[in-house]
């Protein structure tokens with residue numbers, strides 16, 4: 001696992017949003033701690049674990065407990081603002097980018113977003129006829145595809 005460096009400042013969120021309105025639209029109460037946790041997750045691209053996010057959040061909000069981070073992440077996942085990503089090594093990582101996109105898991109434990117154009121090409125080129133065969137054999141309909149790619153870490 002990759003730890004979040006201790007001395008890096010938390011950069012500004014990529015796209016300004018009205019977190020209070022966003023939370024309200026999902027029926028979620030907007031507390032200062034929830035807001036800080038969500039905004040910190042939106043900024044990082046490392047798909048942190050709860051512990052890594054807790055370390056990051058502690059810099060700007062030292063009173064936030066690990067339990068609060070876990071509870072907030074569960075609430076954010078429940079209302080669709082955050083995606084929970086189960087990793088092969090058993091840990092769980094979190095992503096505030098809930099758009100459909102592919103992830104690449106590297107051999108050193110990092111989780112990277114595949115470039116959007118390449119991810120779309122990969123998904124568009126999955127053979128539809130194989131899904132039809134699968135649906136017939138299982139007697140069910142495939143509703144979506146969740147795909148993780150695995151790669152050796154670059155030296």
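A few comments on the model shown:
- Rg then Dmax, both in Å and based on the Cα atoms of the chain: 17.7, 54.
- Tilt relative to the chain, helix 32-43 - C-alpha long axis, 0 to 90 degrees, to 10: 50
- Taking the chain and dividing mean pair separation by its residue count, relative contact order in percent (alpha carbons under 8 Å, at least six apart): 20
- Histogrammed with a bin width of 10 Å, the alpha carbon distances of the range 99-155 distribute as 21, 40, 28, 11, 1 percent, first bin at zero.
- Per-selection Kirkwood Rh - the range 65-137 (Cα, Å, 1 d.p.): 14.7
- Ranked packing of 87-97, 129-139, most packed first, by mean Cβ within 10 Å: 87-97, 129-139
- Length released on extending from residue 129 to residue 18, taking residue separation times 0.36 nm less the Cα-Cα span: 35.6 nm
- Degrees between helix 66-78 axis and first principal axis of the chain (Cα, 0 to 90, nearest 10): 40
Each reported figure results from applying straightforward, stated rules to the coordinates on display, with no laboratory input. Note that the structure is predicted; figures quoted are calculated from it, not measured. Cβ: placed from backbone, ideal geometry, glycine included. Neighbour counts: every protein chain shown.
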